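Have a look at the structure below before the remarks.
The values are calculated or read from the model by the stated rules, or taken from the named source; none is laboratory data. Keep in mind that this is a model prediction, so the values were computed, not measured. We place every Cβ from the backbone using ideal geometry, glycine too, and count neighbours over all the protein chains shown. Side chains included, ligands, DNA and RNA excluded: accessible areas come from the protein's heavy atoms. Shrake-Rupley method; radii C 1.70, N 1.55, O 1.52, S 1.80 Å.
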Amino acid sequence: MPLLARSSSRPMLPMLPLSRRSGYTALYLLLFFATLVQYFVTSGSSPGYVLDAMRAVNETNVIYKKSSMASKQPASSKNGSLIVTVEESQSGRNFRGTISASWTKLVMDMYPPGTPVRTCTCSYCNVEQPPRAKHCHDCDKCVLQFDHHCVWLGTCVGQGNHCKFWWYICEETALCLWTGILYITYLKANISRAWWKDTVMILLLIPLSISIIFLLLLLLFHSYLVLTNQTTYELVRRRRIPYLRGIPERVYPFSKGVCSNLYDFCCVRSSKYSLESLPSAQQLEEKSRPYTCLDVLTCRCC
Ligand SMILES: [Zn+2]
Ligand SMILES: [Zn+2]
C-alpha cells in the first residue's frame, strides 16, 4: 500500500479521517475569512483623530449647555485618564471661540503648569495636541496615542484602532503558521519525490517563513507595548519627545499596571476618547522605585 501511494502522481495528504480533514479545512477557511474581515475592519476604522475628539468636546459642551445652567462642570478623572469634559461656556463669547477655549484649557490642564500653548499646538492642524498625540504627515491629521502609520493597511494606528490592529496581526500570524504547517506536511509527504518537482513550493516557503518570523516578532512587540501602555512612536522617539526626554528608560510613564493597561486597551480606548494627563513628578518617582519582594506579593506591577 505505501508503495502504491508513493507511485501515485497525486500529493499524499496526511492519513486523517475524512470528517476530521474537512473540519480542519473549514477551520482554516474560517480563519482566512476572519483575517480578511479583520483587515478591512482595521483599515476602515478611525485611529482617533484629535479633531474628532475636539468635536466630541464640542458636542458634550452643547449637551451640557442644554441640560444644565450651572456655572461649572468639573472634569471627570478616572485612573489618571481624562474622559472628555468641558467647562460651561461664558456668556457673551461666540460659540466657536468658547469651544476652542474649552479644548485649549482641557489640553493644557494635562501638561505641567506653565507649559506654553504654542509648544503643544500642531503647526499643520493648528489644534492643541493632548499628550501622546502626533501629527501624521500621510493622513495630514493629528492622531491620539499615535503608534505608527501602517502602509499595509493604509491608515494610522492610534488610540481608536490599536486593539483591532493587534487582533489583525494575531490572526495573520495564526494563518501564516497554519499555512506553514500545511506546506511542511505536504513536502514531508512528498519527500521521496525528486526535489525539483516541488521547486515552486520550496520557493514559496521562503517568503512564508520570513513573514512568520516578522509577524511573530511584531505580535510580541505590540503585546509588550500593550502591557506597558506605550506606543511604537514613544518607544522609538523617546528622546525627541520633550515630556519623555528626562524619564529613565525602564520607567513607563503612562503604565497603570499590567491588568489596568490590558483592560484600557481592550475595553476603553476604542469606545471613547480617553485623554491621558502627563504623570506628576511624584507619580514618576513612585513608578521608578525598584521592585522589592513585597511589591511582588502586593501585585504592584498589576
Ligand atoms: Zn496636526
Ligand atoms: Zn497616518
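Summary of values
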item: Residues within the stretch 114-133 that are open to solvent by less than 50 Å² (accessible area, probe 1.4 Å) and of a type outside the set (A, V, I, L, M), tallied; result: 10
item: Residue check for T155: of a type in the set (V, I, T), farther than 27 Å from E234 by Cα and open to solvent by less than 50 Å² (accessible area, probe 1.4 Å); result: no
item: Residue count for the stretch 140-170, restricted to those that are within 13 Å of ligand 1 (Cβ to nearest atom) and touching a residue at least 60 places away in the same chain (Cβ under 8 Å); result: 7
item: Sole exception among (1) modelled with pLDDT of 95 or more; (2) more than 11 Å from ligand 1 (Cβ to nearest atom) for H135, by number; result: (2)
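Every residue, every condition in (1) modelled with pLDDT under 95; (2) of a type in the set (A, V, I, L, M), yes or no:
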| residue | (1), (2) |
| --- | --- |
| M69 | yes, yes |
| V84 | yes, yes |
| R96 | yes, no |
| S100 | yes, no |
| L106 | yes, yes |
| M110 | yes, yes |
| Q145 | yes, no |
| C156 | no, no |
